[in-house]
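Okay, structure first, notes after.
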Amino acid sequence: MLRRHVLPYLIWLVYRLWSLSWRSASVEHPSVASARREGRPCIYAHWHGDELAILRLVGPYRIATMTSTSRDGQVMDRVLRLLGGTSCRGSSSRGGMGALKGLVRLCRNGHNASLAVDGPRGPLHEVKPGVFQLARLAGGVVVPVGVAASAAHVFHKSWNKAQFPWPCARVVTVFGPAMEPAERCVENGYDEAARELADAIHAASADARRSLGEHAVPRAGD
């Protein structure tokens, strides 16, 4: 009972207060703004380790994402809804097809989506092709997302090297040029498209770090 009904509210409250202290800035490529004006869903593609910093955007950006079918996933699903987003239950290893169909429906009904493209268990910074399948089925574009913080705790022992910005940190999010999934995948195949997306996320992350200069927290693999 406590885990299902109380824990999500505690996590939401702590995260909400914590993230409100961040001095946040976002930089959006013109192609992303253009896609949103046209009403096309944006599939925000980021590294798994940046999820904690990106959570604050689920409400303002009308983001839907995928949560696992585990008990932890149930808690995360509730937290996302409290933050103003929504989710479908499943992962690439369990219930993935149903969750993918659910995300497509949500995107067609006005939501954007967010995917940790090297999840759920890595390898670190290796893009999985599901993001292109989602964008193609939803008629959307893939947007590479990079994040940098001026001060953060980095979970070095975790496979994803997750970072959680400290209170009052400067946090910069860069939305890189939108990618057309049909063009990329038909012309070059999923493997080449995945490499291009990985390079684009690294570039967005580098742009975010440059905006912070010497104060940016170094990230593994970037």
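The values are calculated or read from the model by the stated rules, or taken from the named source; none is laboratory data. Here the structure is a predicted model, which means the values were calculated and not measured. Note that we place each Cβ from the backbone using ideal geometry, even for glycine, and neighbour counts take in every protein chain shown. Ligands, DNA and RNA are excluded from the accessible area calculation, which covers all protein heavy atoms including side chains. Shrake-Rupley method; radii C 1.70, N 1.55, O 1.52, S 1.80 Å.
Hey, could you check segment 30-53 for residues that are open to solvent by 70 Å² or more (accessible area, probe 1.4 Å), more than 16 Å from the chain's Cα centre (by Cα) and not basic (Lys, Arg) and say which is farthest from ARG209 (Cα to Cα)? In this case the residue turns out to be GLU38.
Cβ separations smaller than 6 Å between residues 6+ apart or across chains give the following pairs from segment 113-127 residues that are closer than 20 Å to CYS88 by Cβ to residues that are surrounded by fewer than 20 Cβ atoms within 10 Å (Cβ to Cβ) and hydroxyl-bearing (Ser, Thr, Tyr): PRO120/SER91. For segment 54-77, a residue qualifies if it is in a helix (DSSP H, G or I) and more than 17 Å from the chain's Cα centre (by Cα), and the qualifying residues are ARG71, ASP72, GLN74, VAL75.
So that you can scan it fast, the table gives a plain yes or no per residue for (1) at pLDDT 95 or above; (2) on the phi < 0 side of the Ramachandran plot; (3) in contact with a Cys (Cβ under 8 Å, 6 or more places away or on another chain):
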| residue | (1), (2), (3) |
| --- | --- |
| VAL147 | yes, yes, no |
| ASN160 | no, yes, no |
| VAL172 | yes, yes, no |
| ALA182 | no, yes, no |
| GLU187 | no, yes, no |
| ALA193 | no, yes, yes |
| GLU196 | no, yes, no |
| ALA208 | yes, yes, no |
| HIS215 | no, yes, no |
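Any residue at all in segment 110-130 that's of a type outside the set (S, T, N, Q), buried (at least 19 other Cβ atoms within 10 Å of the Cβ) and farther than 28 Å from ASP207 by Cβ? No, because not a single residue in segment 110-130 is of a type outside the set (S, T, N, Q), buried (at least 19 other Cβ atoms within 10 Å of the Cβ) and farther than 28 Å from ASP207 by Cβ.
Only one entry in THR86, THR69 is touching a strand residue (DSSP E or B) at 6+ places or on another chain (Cβ under 7 Å), open to solvent by 10 Å² or more (accessible area, probe 1.4 Å) and within 24 Å of SER26 (Cβ to Cβ), namely THR86. Taking each residue of segment 9-26 that is within 22 Å of GLY146 (Cβ to Cβ) and looking for partners that are at pLDDT 95 or above and in a strand (DSSP E or B) with beta-carbon atoms closer than 6 Å, six or more apart or interchain, yields TRP22/PRO165; TRP22/VAL171; ARG23/ARG170; SER24/VAL171; ALA25/VAL172; SER26/THR173. Filtering segment 153-185 to residues that are open to solvent by 20 Å² or more (accessible area, probe 1.4 Å) and assigned to a strand (DSSP E or B) leaves HIS153, VAL154, PHE164, ARG170.
With respect to (1) open to solvent by 20 Å² or more (accessible area, probe 1.4 Å); (2) part of a loop (DSSP other than H, G, I, E, B); (3) at negative phi, the lone exception for LEU100 is condition (2). In segment 11-24 there is at least one residue matching the filter, namely being out of contact with any strand residue (DSSP E or B) (no Cβ under 9 Å at 6 or more places or on another chain), over 18 Å from ALA206 (Cα atoms), open to solvent by less than 20 Å² (accessible area, probe 1.4 Å) and not in a strand (DSSP E or B).
Any idea which of (1) touching a helix residue (DSSP H, G or I) at 6+ places or on another chain (Cβ under 9 Å); (2) at pLDDT below 95 is the one HIS156 doesn't satisfy? If we test HIS156 against (1) touching a helix residue (DSSP H, G or I) at 6+ places or on another chain (Cβ under 9 Å); (2) at pLDDT below 95, just (1) comes out false. Note on segment 62-79: residues that are under 21 Å from ALA138 (Cα atoms) and at pLDDT 90 or above amount to 4.
Residues in segment 122-134 include none that are among the hydrophobic types (A, V, I, L, M, F, W, C) and under 26 Å from SER21 (Cα atoms).
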